[in-house]
Amino acid sequence: MSTMQSPSPCSKRARLHYLFTLAVIGIYGVQVCPFIESLTILQLAVPIVLVIAIQVLLRYSIVAPIIEKTDFKNQVIQAFKYEWALFFISGLLLTAYNSLVYDFPVGSGFKVLIGFMAIGFFVAIDLALERELVLSRYMRENGISIRPDKNFLTVVGKFSIFSTLSILFLVTIFFLLISKDLQWLGKMGNDFSSEALRAVFIESAFVGTVMLSYTLLVINAYARNLKFFICNENHVLDEVSSGHLDRTVPVCTNDEFGVMAEHTNAMIRSLQERTAALQKTQDITILSLASLAETRDNETGAHILRTQHYIKALAIALREHPRFVSELNDVTIEQLYKSAPLHDIGKVGIPDSILLKPGKLDDDEFEIMKTHASLGAEALRLAEIELGESSFLHFAREIAESHHEKWDGSGYPKGLKGDDIPMSGRLMAVADVYDALISKRVYKRAFEHSEAITIIKGSRDVHFDPDIIDAFLRIEDEVKQIAARYSDEAYGQE
């Protein structure tokens with residue numbers, strides 16, 4: 001529950017209501033009360049204007065500050081009560097004035113009071129619903145929530161009360177109108193004409209139109225607010241279903257929608273906790289597998305770190321490219337980054353005599369070494385089947401199997417060509433080759449960055465996807481910084 005100063009809803013709607021009330025009360029009084037009908041226009045208008053002026057003064061000088069300092073949970077219902085109370089007071093003031101100045105009977109004052117209460121009822125609901133919408137938007141924008149009561153008034157309950165009182169006011173006013181007209185027609189005896197009947201019809205049509213207009217206005221306000229709350233809920237659920245678990249539904253109302261928002265937020269928090277635990281499990285799994293591969297490989301742990309960051313930088317550089325925009329998003333890029341260390345996991349199946357040979361491999365040995373791509377992919381495929389199609393090992397399996405494929409189809413193990421090579425494998429191919437070129441091996445020296453760039457540029461459209469090479473060249477400085485930051489020397493692995 002918040003105690004901060006709330007926003008003041010726009011008073012334009014209230015001003016329009018008060019102006020309309022001035023006209024309606026005058027016409028209504030003439031329709032139902034023969035005593036009011038006997039007054040001149042000036043005698044009728046002046047007290048109504050004064051009473052409404054007093055009501056407006058009370059509303060803005062006393063009532064509005066009280067309402068705006070009320071806590072958010074109770075502010076709407078308090079606004080309705082105060083607003084309706086003001087109309088009741090105005091009705092009493094006008095009744096007292098007419099009784100004192102014009103000696104109106106109690107019955108006549110009762111009719112005026114009923115008119116004020118009926119109009120005030122609809123105006124108070126409409127302005128309360130307007131306040132509810134303004135407050136809800138304010139709370140959503142400022143991250144403010146309330147805690148609904150256990151025994152709140154339901155939306156259905158509110159609408160039932162509104163419907164019951166609307167019908168009650170409508171019946172009462174029509175009864176007063178018909179009663180007055182019957183008295184009038186009775187006095188005329190057999191002398192009443194079609195003009196008299198037309199006057200009765202016009203009076204009834206006026207009252208019916210006013211009541212129907214107010215009813216439709218309130219129903220529309222209800223529908224508008226319900227749409228706002230439902231759209232809030234659906235928007236957050238859509239975001240959460242897309243993987244954005246940092247979203248929450250603002251708890252703005254002390255009713256079913258507030259409770260629904262609370263339960264939705266509790267569900268999202270539970271998903272966050274489960275997702276964090278699952279993510280930690282995934283990270284540990286990948287780290288364990290990568291560490292296993294590293295114990296048998298003559299390449300360094302720094303190589304794994306460098307290729308991880310290369311592939312992430314490349315993916316970010318390509319995420320807006322028309323060919324990659326549908327595949328590369330925040331989730332995919334993070335999965336590529338975390339899966340990259342498993343690109344050579346298949347080397348655990350290569351004999352030590354080949355894997356740890358201190359020199360260049362002969363042709364037969366190289367053929368055996370090439371099987372590491374298939375071995376790694378098969379091992380990860382079996383794990384992926386067990387975990388399901390949405391497994392986090394999907395990209396790891398793709399990378400392990402396809403990072404030695406070449407754009408022109410001359411790579412291995414399947415000889416895939418062009419876009420038939422998975423996007424993840426094409427990214428890793430560039431990252432892996434660049435790092436191999438700049439790294440020292442027993443059978444080769446470490447090339448300078450510029451030399452490696454020249455070799456890679458020469459393999460555009462042959463070994464590598466041309467668009468990926470273009471992106472690689474655009475981030476050349478970043479790649480060089482990554483290589484320096486995670487160098488073998490920096491990690492004591494020279």
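Only one of the listed residues (GLU384, GLU398) is out of contact with any Cys (no Cβ under 6 Å at 6 or more places or on another chain), at pLDDT 85 or above and assigned by TED's automatic domain parsing to the domain that holds ARG445. That residue is GLU398.
Restricted to region 223-275, and to residues that are charged (D, E, K, R) and not in a helix (DSSP H, G or I), which residue is nearest to the chain's Cα centre (by Cα)? If we take residues in region 223-275 being charged (D, E, K, R) and not in a helix (DSSP H, G or I), then ARG247 is nearest to the chain's Cα centre (by Cα). Those helices (runs of 4 or more DSSP H) of region 31-125 in which at least 2 residues are in the same structural domain as LEU19 (by TED's automatic domain parsing), free of Cβ contacts under 8 Å to residues at least 12 places away in the same chain and surrounded by fewer than 19 Cβ atoms within 10 Å (Cβ to Cβ), considering only elements entirely within it, cover 41-58, 72-102. From the list ASP470, ASP477, ASP420, ASP432, exactly one residue is on the phi < 0 side of the Ramachandran plot and buried (at least 20 other Cβ atoms within 10 Å of the Cβ). Which is it? Within the list ASP470, ASP477, ASP420, ASP432, the selection yields ASP432. In the set HIS235, HIS244, only one residue is free of Cβ contacts under 8 Å to residues at least 60 places away in the same chain and within 20 Å of GLY258 (Cα to Cα); that residue is HIS235. Residues of region 440-457 include none that is buried (at least 20 other Cβ atoms within 10 Å of the Cβ), in a loop (DSSP other than H, G, I, E, B) and not aliphatic (A, V, I, L, M). Does region 131-144 contain any residue that is at pLDDT 80 or above, among the charged types (D, E, K, R) and closer than 21 Å to GLU83 by Cα? Checked against the condition, which is being at pLDDT 80 or above, among the charged types (D, E, K, R) and closer than 21 Å to GLU83 by Cα, region 131-144 yields at least one hit. Scan region 297-316 for residues that are crowded, with 19+ Cβ neighbours inside 10 Å and modelled with pLDDT of 90 or more and the total you get is 10.
Take the conditions (1) free of Cβ contacts under 8 Å to residues at least 60 places away in the same chain; (2) closer than 24 Å to CYS231 by Cα; LEU153 misses just one of them, which is (1). Just one of (1) surrounded by fewer than 18 Cβ atoms within 10 Å (Cβ to Cβ); (2) touching a residue at least 24 places away in the same chain (Cβ under 8 Å); (3) out of contact with any helix residue (DSSP H, G or I) (no Cβ under 7 Å at 6 or more places or on another chain) fails for GLY258. It is (1). Scanning region 348-381 for residues that are farther than 15 Å from HIS404 by Cβ, more than 55 Å from the chain's Cα centre (by Cα) and without any contact (Cβ under 8 Å) to a residue 24 or more places away in the chain yields SER353, ILE354, LYS357, ASP362, ASP363, ASP364, GLU365. Could you check how many residues of region 415-439 are in a loop (DSSP other than H, G, I, E, B) and modelled with pLDDT under 95? Final tally of qualifying residues: 1. The set of residues in region 145-166 being aliphatic (A, V, I, L, M) and either closer than 13 Å to PHE257 by Cβ or at pLDDT below 90 (or both) consists of ILE146, LEU153, VAL155, VAL156. Out of LEU216, LEU287, one residue alone is part of a helix (DSSP H, G or I), within 30 Å of ALA379 (Cα to Cα) and either of a type in the set (Val, Ile, Thr) or free of Cβ contacts under 8 Å to residues at least 60 places away in the same chain (or both). It is LEU287. Of HIS449, HIS463, all but one fail to be in contact with a Gly (Cβ under 8 Å, 6 or more places away or on another chain) and in contact (Cβ under 8 Å) with a residue 12 or more places away in the chain; the exception is HIS463. In region 128-169, which residue that is charged (D, E, K, R) and outside any loop (DSSP other than H, G, I, E, B) is surrounded by the most Cβ atoms within 10 Å (Cβ to Cβ)? This residue is GLU132. Somewhere in region 298-320, is a residue without any contact (Cβ under 8 Å) to a residue 24 or more places away in the chain and in contact with a helix residue (DSSP H, G or I) (Cβ under 6 Å, 6 or more places away or on another chain)? No, region 298-320 has no match at all.
The values are calculated or read from the model by the stated rules, or taken from the named source; none is laboratory data. Everything quoted here is computed from the prediction, not taken from an experiment. Here the Cβ is made from the backbone with ideal geometry for all residues, glycine too, and neighbour counts use every protein chain on show.
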